[in-house]
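Trainee: First, the structure itself, so that you have it in front of you.
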Amino acid sequence: MSGDVEFDRIAPIYDETRQPPSPDEVDTLVELIGGSRTVLDAGVGTGRFAVPLRSRRFDVVGADLSLEMMRRARAKGVPNLVRADLHRLPFADRSVDAAFMAHVLQLLPEPTPVLRELGRVARETVVIALPEWLERGHEGPWRERRERYREIAAELGYPLPARAPRYRHTLEELSRIAPPKDVRRVLRPAAGPGERREAFGRWASGWFGGAQVPPEVHAEIVRRLLAERPIDPTRAGGPPRESRFVSWAARDLGPSASGPAASQ
Ligand SMILES: C[S@@+](CC[C@H](N)C(=O)[O-])C[C@H]1O[C@@H](n2cnc3c(N)ncnc32)[C@H](O)[C@@H]1O
């Protein structure tokens, strides 16, 4: 499993590369798991969601493969953390009220076994945060920029190891595993013009070398990339971004469910 190594390396800068969840996103999640007390945050990472959930008085346990990511979550006051693979969680059946997973799906070659495992350990509800970029895939200008980043890094003497594949899972595909109980859409406002440049810096530092090359080399690569493919600071920041929170009744995903979720 390469995820832990990759995220151990990214952990020191991970929080700079992602926005915290918006109040609307937290409210939506809280509504979907309303009535729960114990919540598993599967792939808890640095606690981006675990922290606001704890402040809403949920009893959160986080599971993740990366000790370095969880070290950050602990430093933010998330005490219950377990190093575990989401395919084989060390929890009894129906031992938490709800299981939640954000931004992990794209790292899984096949979502069904993990959804099934979440359905096994949860008594009531399973919720997945499905950002729209996950459906859009990883093609287009960002992919070209990433490849160019690697080329420039190699020219400067820092050949980067291949990045683990990112899988594209759609709402349609997830709905075939078991029909969701609810799908909530939450809009984030479009990025302003200045923010686009900043977002580019975050993107580049998070995923494409910032954790693997010295900071001055990274800054030089970003400078050259921006010179070659400028980001127009006067252009509007694209459409608002949408997150979807997809929820299932745990019994529809767990071992006693019928259909594809139960047959793997
Ligand atoms: C993109 S981060 C998301 C972290 C957090 N949920 C968030 O929204 O910021 C993905 C996390 O999933 C973890 N992960 C990936 N595959 C995993 C697996 N099979 N078992 C446990 N954790 C895994 C990684 O170590 C990483 O911390």
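The values are calculated or read from the model by the stated rules, or taken from the named source; none is laboratory data. Remember, predicted model here, so these are calculated numbers, not experimental data. For neighbour counting, all protein chains shown are included, and Cβ atoms are generated from backbone atoms with ideal geometry for every residue, glycine included.
Trainee: Report, by residue number, each residue of the stretch 41-55 that is part of a strand (DSSP E or B) and more than 15 Å from the chain's Cα centre (by Cα).
Mentor: none
Trainee: Taking into account only those residues within the stretch 105-133 that are among the hydrophobic types (A, V, I, L, M, F, W, C) and under 14 Å from ARG168 (Cβ atoms), which is surrounded by the fewest Cβ atoms within 10 Å (Cβ to Cβ)? Outline the logic, then answer.
Mentor: Taking the stretch 105-133 as the starting set, the residues that turn out to be among the hydrophobic types (A, V, I, L, M, F, W, C) are 105, 107-108, 114-115, 118, 121-122, 126-130, 133.
Applying the additional criterion that residues be under 14 Å from ARG168 (Cβ atoms) yields 105, 107-108, 130, 133.
Numbers: LEU105: 22, LEU107: 19, LEU108: 19, LEU130: 24, TRP133: 15.
Out of the qualifying residues, it is TRP133.
Trainee: Separate question: Which of the following residues is among the aromatic types (Phe, Trp, Tyr), surrounded by 15 or more Cβ atoms within 10 Å (Cβ to Cβ) and more than 9 Å from the ligand (Cβ to nearest atom): PHE100, PHE58, PHE49, PHE7?
Mentor: PHE58
Trainee: If I ask for residues that are within 12 Å of the ligand (Cβ to nearest atom) and surrounded by 14 or more Cβ atoms within 10 Å (Cβ to Cβ), which ones from the stretch 77-97 would you list?
Mentor: The first filter runs over the stretch 77-97 and keeps only residues within 12 Å of the ligand (Cβ to nearest atom), leaving 78, 81-90.
Residues satisfying the conditions are VAL78, LEU81, VAL82, ALA84, ASP85, LEU86, LEU89.
Trainee: A further question follows. Does ASP24 satisfy the condition of being within 22 Å of SER247 (Cβ to Cβ), surrounded by 13 or more Cβ atoms within 10 Å (Cβ to Cβ) and either over 16 Å from the mean Cα position of the chain (by Cα) or among the polar types (S, T, N, Q) (or both)?
Mentor: In short, yes.
Okay, residues lined up against (1) more than 26 Å from PRO21 (Cα to Cα); (2) modelled with pLDDT of 90 or more; (3) part of a helix (DSSP H, G or I):
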| residue | (1), (2), (3) |
| --- | --- |
| ALA98 | no, yes, no |
| VAL114 | no, yes, yes |
| ARG120 | yes, yes, yes |
| ARG123 | no, yes, no |
| VAL126 | no, yes, no |
| GLU144 | yes, no, yes |
| TYR149 | yes, no, yes |
| GLY157 | yes, yes, no |
| TYR167 | no, no, no |
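Trainee: Of the numbered conditions (1) under 23 Å from SER175 (Cβ atoms); (2) surrounded by 21 or more Cβ atoms within 10 Å (Cβ to Cβ); (3) touching a residue at least 40 places away in the same chain (Cβ under 8 Å); (4) within 12 Å of the ligand (Cβ to nearest atom), MET69 satisfies every one except a single condition; which is it?
Mentor: With (1) under 23 Å from SER175 (Cβ atoms); (2) surrounded by 21 or more Cβ atoms within 10 Å (Cβ to Cβ); (3) touching a residue at least 40 places away in the same chain (Cβ under 8 Å); (4) within 12 Å of the ligand (Cβ to nearest atom) applied to MET69, the lone miss is (1).
Trainee: Hey, PRO131 hits all of (1) at pLDDT below 95; (2) within 30 Å of GLU220 (Cβ to Cβ) but one; which does it fall short on?
Mentor: (2)
Trainee: Any residue in the stretch 52-65 that's closer than 16 Å to VAL26 by Cβ and touching a residue at least 24 places away in the same chain (Cβ under 8 Å): show its pairings with residues that are hydrophobic (A, V, I, L, M, F, W, C) and in a strand (DSSP E or B) at Cβ separation under 7 Å, as long as the two are six or more apart or on different chains.
Mentor: Listed by first residue and then by second, the contacts come to LEU53/VAL39; LEU53/VAL60; ARG54/VAL60; PHE58/VAL39.
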